[in-house]
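**Student:** Okay, here's the structure, questions in a sec.
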């Protein structure tokens, strides 16, 4: 399936024919087909080529961002955790964070799966009556998976 579609238009302006094109993405919303323009209307091949190069540059930037995301460490609230970090290792790092609000913010910035892993670790293997464990158990909402 092609993502882009070339939309062409020919019209008369006086004695001359005017040709214009643009690129669009076809969308289906609530059963209705809609062509969504992704370039300016172009009256020359050179202008369209320039528009396409802009799209290519944008896609390359997004691809680099995705690469950095996949290769980089897991980050939450300005604190980085290597991808292979265990729930215990993340909890150890979290419990060393000074300030309760920063501690809560970093925990809440973890993705859902990581938060649940850490919560299970804390609630089943840690002392929840002292230190950060007490803060965690008092503020953790099991339904939302967040500390409030």
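The values are calculated or read from the model by the stated rules, or taken from the named source; none is laboratory data. Predicted model, so just to flag it, every value in this text is computed and none were measured. All Cβ positions, glycine included, derive from the backbone under ideal geometry; neighbour counts span all protein chains shown.
**Student:** Can you name every residue in the range 6-23 that is surrounded by 10 or more Cβ atoms within 10 Å (Cβ to Cβ) and farther than 13 Å from residue 52 by Cβ?
**Tutor:** Correct list: 7, 9, 18, 19, 20.
**Student:** So which residues in the range 96-144 are at pLDDT 90 or above, closer than 25 Å to residue 84 by Cβ and in a loop (DSSP other than H, G, I, E, B)?
**Tutor:** Listed by number, the list holds a single entry, 126.
**Student:** Can you tell me which condition residue 127 does not meet? The list is (1) loosely packed, with under 14 Cβ neighbours inside 10 Å; (2) in contact with a strand residue (DSSP E or B) (Cβ under 6 Å, 6 or more places away or on another chain), and all the others hold.
**Tutor:** Condition not satisfied by residue 127: (2).
**Student:** Which of the strands (runs of 3 or more DSSP E) found entirely inside the range 1-40 contain at least 2 residues meeting this: out of contact with any strand residue (DSSP E or B) (no Cβ under 8 Å at 6 or more places or on another chain)?
**Tutor:** 16-29
**Student:** Given (1) part of a helix (DSSP H, G or I); (2) free of Cβ contacts under 8 Å to residues at least 12 places away in the same chain, where does residue 88 come up short, assuming only one miss?
**Tutor:** (2)
**Student:** Hey, another quick one. With respect to residue 67, determine if the residue is modelled with pLDDT under 90, within 18 Å of the chain's Cα centre (by Cα), assigned to a helix (DSSP H, G or I) and surrounded by 10 or more Cβ atoms within 10 Å (Cβ to Cβ).
**Tutor:** yes
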